[in-house]
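Colleague: My questions all concern the structure below.
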Amino acid sequence: MKIKKDIPYKEILLKSLIFIATVLLIVYFMPRDGKFNYQFDINKPWRYGQLMATFDFPIYKEDAIVKKEQDSILALFSPYYVLDKEVEKNAINELREAYNHNNLRNILPSTSYVRYIEKSLSDVYKSGIVSLEDIDILHSDSVTAIRVIEDKASAPRVVDGIFTIREAYEYILAADSVNYATDILRLAAINEYIYPNLKYDKERTEAARKELFDNYSWATGMVQSGQKIVDRGEIINQQTYNILESLRKESLKRSESQLQKRLILTGQIISVSIIILCFMLYIQLFRKDYFSKPRSLFLLLMLIVLFSIITALATARNFTYIYVIPYAMLPIVIRIFLDSRTAFIAHATMILICSIILGFPYEFVLLQIPTGLIAIFTLRELSQRSQLFRTAILVTLTYIALFLAYELMTENDLSKLNRVMYIEFLTNGILLLFAYLFLFLLEKLFGFTSNVTLVELSNVNNPLLRRLSEVAPGTFQHSMQVANLASEAANRIGAKSQLVRTGALYHDIGKMENPAYFTENQQGAINPHKNLPYEQSAEIIINHVRDGLKLAERNNLPQSIKDFIATHHGRSKTKFFYISWKNEHPGEEPDDALFTYPGPNPFSKETAILMMADAIEAASRSLPDYTEESIGTLIEKIIDGQVEEGYFKECPITFQDIAIVKKVFKEKLMTIYHTRISYPELKK
């Protein structure tokens, strides 16, 4: 399959990278541990939708019961110890060797003492000697008996009959104190011949314990796949609580395998990729200009990713009050900065991704899609703070109405209404008011301009506009008239009227640098152009665009306003001086660059409307009489000329739009220049 030549490879690569980065960023934060994303408590109502078992799982016993039963089993369990006979043999040999080398001959009065010590050592070694650490463990575990392995056979032995080194030493000293003096035995240092001969067999003990617990029944029953577990509003009793706990344990157990995690990751990548791909195809087919403006595309994807990450983090931390998150903020922002259709598609895209993260999509989608639509419909143009407050109230009421309807359909019982959810909806509405601050932040980050900012800029008390009215009053009046014409035309063809109005007020601010060189500011017959060559006069006139852009830069005007300053003449010529030069130089061709505005030509409906309104308003002042015919002829001539010159080739305005604009201009100019009735004088 060949790629069409009109699609640049760089654009394809860029879109692919943006797509991959968006998908990976969302999937990275999505939970893959199979967590049981519900919170519940005994004797409390179930606050989610109906929960069905999606796989078979056992109903585990309560932890307290398991512990009690296991403690009972362990109480009868005997750990394994190995009897080392070499310890006894070595100890007796050491004793005899010490006596034969006269180490003990000088201490013990007779050989009977040696025989007594040998017999006592043999007795304690047969009973068994363990280390102090081992005996502490046996006592702490309440073990009453152990199994002693001797010659590959094991036999039970009571713990109370086992010695520690100290107990064995004290036993030998006191076993026959009548015939053998304790003081003499102490001098013999008997403790040097006492060693532990029972050693803990960890491997055999653990194997026996495992076998014991393998036969232990952890469950009291089974839940079959497709079986209903609990429904919204039902009180969670002990049995239901045990089933939910069992489902949580089984879900965690299933997610521990690497295969399970890989399968979850694969599913997440596929689902998110399809949703994001559909969204980008929508932009490619219906909003191509957003691809040419990286900030628009970045804003759209950033908001989708942002709310997806917030949902993923909330889910990972078991934050169950998910309806507190103001999801309607996304369509509000996109509607204000871009358009309604894109706002809805972006909102639907984000909601679908978040529903995958949450794991209970039906109720979530049911509530979020309509509230997003309400937010879009009620906030088409944000020009006052009160509008946002009204939208927040309507969004909250929509949440409440939808959820109430859902509960009535599923519960059929008013006593089971989930009041916590309605508190979440109220909190959501309060948080939605912070969209105003969020809009301000996005304006600064991405260079967008909201209607609130445009309304503030269009205030005639703004320092820049006030200075324009003082320095160039004629230009100020001209700008006011252009603003009225352009905003009305924008309203009629569905363009952004507030943007056009504000742009019109600032489009000629560059004339403040040389106000006297523009006819609307000239008083009497004084015209400074009379003493200047046409090239210089044209340069002064053309420079009002460059000067306007410099003033806009110094006064931090938004880029959208600068666009009106730059495009309101497009790449047209200063026709008065251009034609005058040609009339004085017949047969010669002038340097077009000296008489041509820097442009660019209009690239949006709004900038095109301003170009038409500016030319019409200026030309209408030179009409000798104001009739419907003369005004109509003027408008047709000027706008048709602009179309023929190709000034509107780069903007999405249609011939139908232009026809409507002409009609609006005719109506407005007839109203402005209508003939007034002459009042009669009072006869004396």
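The values are calculated or read from the model by the stated rules, or taken from the named source; none is laboratory data. Remember, it's a predicted structure, so these values are computed and weren't measured experimentally. Glycine gets a Cβ as well: all are built from the backbone with ideal geometry, and neighbour counts include every protein chain shown.
Colleague: Could you please find all residues in region 478-525 being more than 30 Å from Lys663 (Cβ to Cβ) and out of contact with any Gly (no Cβ under 6 Å at 6 or more places or on another chain)?
Modeller: If the condition is that a residue be more than 30 Å from Lys663 (Cβ to Cβ) and out of contact with any Gly (no Cβ under 6 Å at 6 or more places or on another chain), then Met512, Glu513, Asn514, Pro515, Ala516, Tyr517, Gln522, Gln523, Gly524, Ala525 are the ones that fit.
Colleague: With the structure loaded, tell me whether Ile283 is closer than 30 Å to Lys605 by Cα and touching a Ser or Thr at 6+ places or on another chain (Cβ under 6 Å) or whether it fails that test.
Modeller: Judged against the criteria, Ile283 is not a match.
Colleague: Filter region 119-143 down to the residues that are of a type in the set (Val, Ile, Thr) and either touching a His at 6+ places or on another chain (Cβ under 7 Å) or part of a helix (DSSP H, G or I) (or both) and list them by number.
Modeller: Val124, Ile135, Ile137
Colleague: Got a number for residues in region 72-83 being closer than 25 Å to Phe163 by Cα and either in a helix (DSSP H, G or I) or touching a strand residue (DSSP E or B) at 6+ places or on another chain (Cβ under 6 Å) (or both)?
Modeller: 8
Colleague: Do we find a residue being farther than 26 Å from Tyr673 by Cα, of a type outside the set (D, E, K, R) and not assigned by TED's automatic domain parsing to the domain that holds Ile332 anywhere in region 480-494?
Modeller: Yes, that holds for at least one residue.
Colleague: Would you please name the residue that is farthest from the chain's Cα centre (by Cα), looking only at residues in region 577-595 that are surrounded by 10 or more Cβ atoms within 10 Å (Cβ to Cβ) and not in a helix (DSSP H, G or I)?
Modeller: His585
Colleague: Let me ask something else. Would you pick out the residues in region 585-610 that are touching a helix residue (DSSP H, G or I) at 6+ places or on another chain (Cβ under 6 Å), closer than 30 Å to Lys496 by Cβ and among the hydrophobic types (A, V, I, L, M, F, W, C)?
Modeller: Ile609, Leu610
Colleague: Any chance you could count how many residues in region 441-450 are part of a helix (DSSP H, G or I) and surrounded by 13 or more Cβ atoms within 10 Å (Cβ to Cβ)?
Modeller: The qualifying residues number 3.
Colleague: Collect the residues in region 122-160 that are polar (S, T, N, Q), over 16 Å from Lys199 (Cβ atoms) and either touching a residue at least 12 places away in the same chain (Cβ under 8 Å) or buried (at least 17 other Cβ atoms within 10 Å of the Cβ) (or both), keeping them in residue-number order.
Modeller: Passing the criteria: Ser122, Ser142, Thr144.
Colleague: Just checking, does region 155-176 include any residue being in a helix (DSSP H, G or I), touching a Pro at 6+ places or on another chain (Cβ under 8 Å) and closer than 24 Å to Glu94 by Cβ?
Modeller: yes
Colleague: For residues that are in contact with an Asp or Glu (Cβ under 9 Å, 6 or more places away or on another chain) and not in a loop (DSSP other than H, G, I, E, B), scanning just region 553-562, find the one that is farthest from Phe337 (Cα to Cα).
Modeller: Lys562
Colleague: All but one of (1) touching a Lys or Arg at 6+ places or on another chain (Cβ under 9 Å); (2) under 27 Å from Glu584 (Cα atoms) hold for Asn527; which doesn't?
Modeller: Condition (1) is where Asn527 drops out.
Colleague: Among (1) crowded, with 19+ Cβ neighbours inside 10 Å; (2) at pLDDT 90 or above, where does Ile274 come up short?
Modeller: In the conditions (1) crowded, with 19+ Cβ neighbours inside 10 Å; (2) at pLDDT 90 or above, Ile274 misses (1) alone.
Colleague: Restricting the first residue to region 508-521 and requiring it to be over 18 Å from Ile561 (Cβ atoms), which pairs with a second residue that is modelled with pLDDT of 90 or more and among the basic types (Lys, Arg) meet a Cβ separation below 6 Å and a spacing of at least six or different chains?
Modeller: Pairs found: Phe518/Lys511.
Colleague: Take the conditions of a type in the set (A, V, I, L, M, F, W, C), closer than 20 Å to Val130 by Cβ and either modelled with pLDDT of 85 or more or not assigned by TED's automatic domain parsing to the domain that holds Asp134 (or both) and apply them to Val158. Does it pass?
Modeller: Criteria met by Val158.
Colleague: Give me a count of the residues in region 285-322 that are among the polar types (S, T, N, Q) and surrounded by fewer than 14 Cβ atoms within 10 Å (Cβ to Cβ).
Modeller: 2
Colleague: How many of the residues in region 328-366 are closer than 28 Å to Asp41 by Cα and either hydroxyl-bearing (Ser, Thr, Tyr) or in contact (Cβ under 8 Å) with a residue 12 or more places away in the chain (or both)?
Modeller: Here the count works out to 12.
Residues checked against (1) farther than 30 Å from Glu363 by Cβ; (2) at pLDDT 75 or above; (3) assigned by TED's automatic domain parsing to the domain that holds Leu138:
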{"position": "Lys4", "(1), (2), (3)": "yes, no, no"}
{"position": "Val23", "(1), (2), (3)": "no, yes, no"}
{"position": "Phe29", "(1), (2), (3)": "no, yes, no"}
{"position": "Asn43", "(1), (2), (3)": "no, yes, no"}
{"position": "Trp46", "(1), (2), (3)": "no, yes, no"}
{"position": "Asp56", "(1), (2), (3)": "no, yes, no"}
{"position": "Asp84", "(1), (2), (3)": "yes, yes, yes"}
